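Undergrad: Quick one: the structure is below, and I'll ask about it shortly.
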Amino acid sequence: MPQEPNRTDPDWLADGNSLIFRDVWRSPDAITGIHLLDLRTHQISILPRSEGLWAPRVSPDGRHVVSLNRDATRLVLMDLTTHRIADLVSGANVGWPEWSHDSKSVIFVLGERPNSSPGIFRVRIADRKLEEILSLKDVPLRVGLFGAWYGLTPDDSPLMLRDAASQEVYALDVQLP
């Protein structure tokens with residue numbers, strides 16, 4: 001019996017009746033693409049032109065998906081209507097893509113590149129303009145068992161997991177009404 005893949009990175013499509021996800025096999029070479037599960041029919045298909053892509057994230061307006069290529073050196077944009085794809089960023093280690101809440105940009109971690117330190121960046125969808133939000137020059141990116149984690153707050157501010165070690169333990173006293 002063939003081994004079944006692990007299905008991870010689920011995200012809802014705007015119709016509320018479909019999920020996208022990726023299959024995880026034993027190696028990055030075995031990434032088959034972004035899968036679509038229609039919850040009404042229980043049918044699974046691969047999004048057209050998504051071969052070799054993973055880490056799909058659906059835009060809040062439901063128009064686009066961003067994902068990474070096999071070796072996470074490209075941030076790829078897919079239009080869900082036309083299935084056209086375009087590189088938003090290429091040539092560097094890209095990680096943790098997250099859509100802004102207005103669907104106008106994607107915020108992500110960009111690893112070290114020649115003559116540049118890692119940082120948190122934003123790329124606007126309309127004109128593909130890339131801008132650095134925060135330098136991570138002296139910030140350790142390996143944290144805990146699974147490495148770094150990154151996300152966004154409700155106002156699109158970057159939120160990161162930081163290794164503070166045991167020398168920096170804080171207590172928070174809260175007085176609720």
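Bear in mind that the values in this text are calculations on the coordinates, not laboratory data. Small disclaimer: the values here were computed from a predicted structure and weren't measured. Here Cβ is always computed from backbone atoms with ideal geometry, including for glycine, and neighbour counts include all displayed protein chains.
Undergrad: With each pseudo-label sitting 7 Å past Cα toward Cβ, what's the N115-K129 distance in nm, one decimal?
TA: Calculated label separation equals 2.2 nm.
Undergrad: Using a 7 Å offset from Cα along Cα-Cβ at L159, what residues in segment 114-138 end up with backbone N under 19 Å from the label point?
TA: 120-122, 133-134
Undergrad: Along its principal axes, what span do the Cα atoms of segment 6-160 show, with the longest given first and each in whole Å?
TA: Per principal axis, max minus min of the Cα coordinates gives 49, 35, 26 Å.
Undergrad: Sticking with this one: Normalised by the residues of segment 6-160, what does the relative contact order come to in percent, with Cα pairs under 8 Å and at least six apart?
TA: Values: 338 pairs, mean separation 18.1, N = 155.
Relative contact order of segment 6-160: 12 percent.
Undergrad: If each of A72 and D38 carries a label point 7 Å out from its Cα toward its Cβ, how far apart are those two points in nm?
TA: 3.4 nm
Undergrad: Grab the beta carbon distance between N93 and L152, set R0 = 22 Å, and tell me the FRET efficiency rounded to 0.05.
TA: Numbers: r = 20 Å, r/R0 = 0.89.
About 0.65, to the nearest 0.05.
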